[in-house]
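Visitor: Structure incoming, see below.
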Amino acid sequence: MAQLLHQGKILLGDMHYAATPFETFRGLMFADSARIAKGICLVMRHRHDVRIAASVTTFFCRRPLEILFVNSQLEVVDKVVLPPWRASYTPARPAKFIIESAVGSFAGIAPGEHVEIHP
């Protein structure tokens, strides 16, 4: 399990840290409300920030998701709420981490701010 912090405050204290390519691909597809509320940190497995590798889909999601895109310097580069069954979304800037959770989980975080991820 992992934690997401912003300005010293724990936003997600028990989020899943995706350790395999399958977990990264699946994200929160098919997840129930409790799992969505805990969140997940998807780590893009590449050497450098690559824009195309950070796209997400909400196919097979039954609820909207709030998503943070975070680069390798732990700066939030994009934040979006996606409805269920969205084909694809690519952030405005490259990202290394994608953090998915319930809508409202990232209140007070704006692009350009820094977060902490503790796996």
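Visitor: Karplus couplings for region 110-119 from phi (6.51 cos²θ - 1.76 cosθ + 1.60, θ = phi - 60°), rounded to Hz, Gly and Pro as x?
Guide: Karplus values, whole Hz, x for Gly and Pro: 10, x, x, 7, 9, 10, 10, 10, 10, x.
Visitor: Return an integer: the convex hull volume of the alpha-carbon atoms of region 2-118, in Å³ per residue. Can you show the working numbers first?
Guide: Details: hull volume 10.6 nm³, N = 117.
Residue-normalised Cα hull volume stands at 91 Å³.
Visitor: Ignoring everything except DSSP H segments at least 4 long, calculate the 222 nm mean residue ellipticity for the chain; use -39,500 (n - 2.57) per segment, divide by total residues, nearest 500.
Guide: -2500 deg cm²/dmol
Visitor: What net charge is computed for the residues neighbouring GLU100, neighbours being all others with C-beta under 15 Å from the C-beta of GLU100, Lys and Arg scored +1, Asp and Glu -1? Don't skip to the end; give the middle numbers.
Guide: Details: positive: ARG26, ARG35, LYS38, ARG62, ARG63, LYS79, ARG86, LYS96; negative: ASP14, GLU23, ASP32, GLU66, ASP78.
Charge balance near GLU100 sits at +3.
Visitor: HN-Hα J couplings of region 60-77 from phi, Karplus 6.51/-1.76/1.60, θ = phi - 60°, integer Hz, Gly and Pro as x?
Guide: 6, 9, 8, 9, x, 10, 9, 10, 9, 10, 10, 7, 5, 8, 6, 9, 6, 9
Visitor: Going by how many other beta carbons lie within 10 Å of each one, how would you line up VAL103, VAL56, fewest first?
Guide: Values: VAL103 15, VAL56 21.
Going from least to most buried by this count: VAL103, VAL56.
Visitor: Still on this model: If R₀ is 25 angstrom, what is the calculated FRET efficiency for the pair ASP32 and ALA110, using the beta carbon separation as r and rounding to 0.05?
Guide: 0.30
Visitor: With charges only on Cβ, +1 for K and R and -1 for D and E, what is the dipole size of the chain about its Cα centre, in debye, rounded to 20?
Guide: So the magnitude is around 280 debye.
Visitor: Oh, and also: Apply the Karplus parameterisation 6.51 cos²θ - 1.76 cosθ + 1.60, with θ equal to phi minus 60°, to every residue of region 85-100 and state each ³J(HN,Hα) to the nearest whole Hz, in sequence, with x for glycine and proline.
Guide: 6, 7, 5, 6, 9, 10, x, 5, 10, x, 9, 9, 10, 10, 10, 10
Visitor: I'd like to know which of GLY112, ALA34, LEU12 lies farthest towards the positive end of the charge dipole of the chain, counting +1 on Cβ of Lys and Arg and -1 on Cβ of Asp and Glu.
Guide: ALA34
Visitor: Another question, if that's okay. What number comes out for the charge environment of ALA18, summing +1 per Lys or Arg and -1 per Asp or Glu over other residues with Cβ under 13 Å away? Don't skip to the end; give the middle numbers.
Guide: On the way: positive: ARG26, ARG35, LYS38, ARG45, LYS96; negative: GLU23, GLU100.
Taking every Cβ under 13 Å from that of ALA18, the sum is +3.
Visitor: Follow-up question, since we're still on this one. Subtract the Cα-Cα distance of VAL43 and THR57 from 0.36 nm times their separation in residues, and report this length gain in nm to one decimal.
Guide: 3.5 nm
Laboratory data are not the source of any read-out in this text; all were calculated from the coordinates shown. Note that the structure is a prediction, hence the values are computed from the model and not measured. Cβ coordinates were reconstructed from backbone atoms using ideal geometry, including for glycine residues, and neighbour counts include every protein chain displayed.
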